[in-house]
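Colleague: My questions will all concern the structure given below.
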Amino acid sequence: MIPKDLTQKLPQYVFNVSDLLKENGFKAYLVGGAVRDLLLNKTPKDYDIATNALPEQMETIFPRCITTNARFGTVLVVMEDETSERFDVEVTTFRKEENYYNGRWPANVEFTSEIIEDLSRRDFTINAMAIDLAKLGEVSISDEELLIDPFDGIGDLNKRIVRAVRDPLERFTEDGLRAYKACRMASELQFTLDVQTFEAIKQSLNVAKMISMERIRDEFNKMIFHSPKPSRGVNLMLKSGLLELFIPELLECMEIFQPEYHEDDVYTHSLKVLDKAEDTVKLAALFHDIGKARTKTVDENGRVHFYGHDQKGAEMVKEIMTRMKYSNQEIKRVTNLIKHHMFYYPSAQWRKVKELSEIEAEEEMNIGGWSDGAVRRFIRSVGEENVEDLFRLRIADATSNNKSLFNNKEIEALQNRISSIKAKDMVLKISDLDIDGFDLIEIGYKPGPDVGKTLEILLQKVIDDPNLNKKDKLVNLAKEMREKKNVNI
């Protein structure tokens, strides 16, 4: 039941808030996810308190507070702990909510004096429990007196079930975001979804469809990044019909088999890679093969190919992530990883050659058939800051597939190669050149497109041979190009 050391687990600033409410004659209950997490012996991410104090009364009790949502009964209290460090605690008046609109917001919020009524409006039984902070620490108090649990949330915690409070269909038609949250919580906690709750999600998709993409994205991100095995949540969203509402492209990957090099269809393989991937590449892992459904071809011998699926996938993911309101920076990063995830080092052919001697194989691994210039172009295309993530994606992709020909030495060899090249005077962008547009104008170039084209040509030459990156050498090359009028890339 309730951990015996609960008073030690709660931070002092939470008690500071409850003590002030109690001193002023009001009740204070710890509610929501913090209660759930404490009962699961987890450290809560934040702490919410419910009280019978009205917002205007809380403003008097707590001089340092933010009242932006006071009309909904919520005040954000800024409270200090024993070291004077400040923390936020959300304090909300007991309330009832009625007549939801747009699948999200209650039209009527009515304050009440009873904690049970407040818990009745909440989404899931495991989130509809409260701990009486005023009684916490009393020696003779029983768990039943301390824990307010009108919907058997503790029973559902023990059974590892996510179940809606009271009528699940009513809960989901009130607030469409709850459907996504149910799948996310089941994935995060590794719980199952109550049968009636799951059926209610399928029956309320029209309301779930009304939720803004930003809200859906946030729930999806929490599920992806906080779940031990995020494929559980993605599959729940698939089976309930939610996934089709915001990433229908993933459904195209089902039943797309790749018999020669994979044991699963594209959808199943993508989820396996997602589960293996580190956080920085989880989105790229989920989407890395999404272009295969639209690039599948079968040759005259019956062999299946997916030529250009990396490029097509990058295009599709840009559309998906734009639709889901991801930042431009994150869209660029993820699509870039997907566009380059099919790189082969030393080479695709090297993997298939069996007759190389051990010495020849080692030499080929170290050189890879790539010139130093090719390695620099690889770094430039991927982005120096993204190279490590590209390796993480490749490792997750390969280790999730038993048929993969991947050899971890490939990554090690390319990493060593990149390190040795970066140790040299590496030039990857025009600004790294020992010459600029003003220098070109001084030797007779007219301001305009030819200047930029010439600098790009010079950059490619320096990428191949860094020794050329000296101003006098670049000026001479630029003069020769101007004389030949060879300024077109």
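The values are calculated or read from the model by the stated rules, or taken from the named source; none is laboratory data. Fair warning: this is a prediction, and the values are worked out from it, not measured in the lab. Cβ sites come from the backbone with ideal geometry, for glycine too, and all protein chains shown count toward neighbours.
Colleague: Scan segment 36-90 for residues that are surrounded by fewer than 19 Cβ atoms within 10 Å (Cβ to Cβ) and basic (K, R) and jot them down.
Modeller: Scanning segment 36-90 gives K42, K45, R64, R71, R86.
Colleague: Exactly one condition in (1) in contact with a strand residue (DSSP E or B) (Cβ under 9 Å, 6 or more places away or on another chain); (2) farther than 30 Å from F287 by Cβ is false for V162; which is it?
Modeller: (2)
Colleague: Moving to a separate point now. Has segment 179-189 got at least one residue that is polar (S, T, N, Q), surrounded by fewer than 21 Cβ atoms within 10 Å (Cβ to Cβ) and in the same structural domain as M210 (by TED's automatic domain parsing)?
Modeller: Within segment 179-189, not a single residue is polar (S, T, N, Q), surrounded by fewer than 21 Cβ atoms within 10 Å (Cβ to Cβ) and in the same structural domain as M210 (by TED's automatic domain parsing).
Colleague: Restricting to segment 167-190, give me the number of residues that are in contact (Cβ under 8 Å) with a residue 60 or more places away in the chain and among the aromatic types (F, W, Y).
Modeller: Matching residues across segment 167-190 total 1.
Colleague: Going through segment 178-195 one residue at a time, which ones are over 19 Å from D118 (Cα atoms), of a type outside the set (S, T, Y) and part of a helix (DSSP H, G or I)?
Modeller: Hits for segment 178-195 are A179, K181, A182, C183, R184, M185, A186, E188, L189, V195.
Colleague: Got a sec? Which of D389, D439 is touching a helix residue (DSSP H, G or I) at 6+ places or on another chain (Cβ under 7 Å), crowded, with 17+ Cβ neighbours inside 10 Å and either assigned by TED's automatic domain parsing to the domain that holds R333 or at pLDDT 90 or above (or both)?
Modeller: Going through D389, D439 in turn, just one is touching a helix residue (DSSP H, G or I) at 6+ places or on another chain (Cβ under 7 Å), crowded, with 17+ Cβ neighbours inside 10 Å and either assigned by TED's automatic domain parsing to the domain that holds R333 or at pLDDT 90 or above (or both): D389.
Colleague: I would also like to ask the following. If L286 meets every condition in (1) under 21 Å from P230 (Cβ atoms); (2) in a loop (DSSP other than H, G, I, E, B) apart from one, which number is that one?
Modeller: (2)
Colleague: Could you identify the single residue in K325, K318 that is assigned by TED's automatic domain parsing to the domain that holds E388, on the phi > 0 side of the Ramachandran plot and touching a helix residue (DSSP H, G or I) at 6+ places or on another chain (Cβ under 7 Å)?
Modeller: Going through K325, K318 in turn, just one is assigned by TED's automatic domain parsing to the domain that holds E388, on the phi > 0 side of the Ramachandran plot and touching a helix residue (DSSP H, G or I) at 6+ places or on another chain (Cβ under 7 Å): K325.
Colleague: For segment 293-304, indicate whether the set of residues that are crowded, with 19+ Cβ neighbours inside 10 Å, within 20 Å of F225 (Cα to Cα) and either touching a Cys at 6+ places or on another chain (Cβ under 8 Å) or assigned by TED's automatic domain parsing to the domain that holds K339 (or both) is non-empty.
Modeller: no
Colleague: Still on this model: Name the residue that is surrounded by the most Cβ atoms within 10 Å (Cβ to Cβ), counting only residues in segment 124-177 that are polar (S, T, N, Q) and part of a loop (DSSP other than H, G, I, E, B).
Modeller: S142
Colleague: Now, a different point. Restricting attention to segment 197-247, and to residues there that are among the aromatic types (F, W, Y) and more than 12 Å from M324 (Cα to Cα), which single residue is surrounded by the fewest Cβ atoms within 10 Å (Cβ to Cβ)?
Modeller: F225
Colleague: To continue, here is another question. Within segment 178-199, track down each residue that is of a type outside the set (S, T, Y) and in contact with a strand residue (DSSP E or B) (Cβ under 7 Å, 6 or more places away or on another chain).
Modeller: A182, M185, A186, F191, L193, D194
Colleague: Across segment 55-94, what is the number of residues that are assigned to a loop (DSSP other than H, G, I, E, B), more than 22 Å from I131 (Cβ to Cβ) and either in contact (Cβ under 8 Å) with a residue 60 or more places away in the chain or not β-branched (V, I, T) (or both)?
Modeller: 5
Colleague: Please determine whether any residue of segment 265-284 is at pLDDT below 95 and surrounded by fewer than 22 Cβ atoms within 10 Å (Cβ to Cβ).
Modeller: Within segment 265-284, one or more residues are at pLDDT below 95 and surrounded by fewer than 22 Cβ atoms within 10 Å (Cβ to Cβ).
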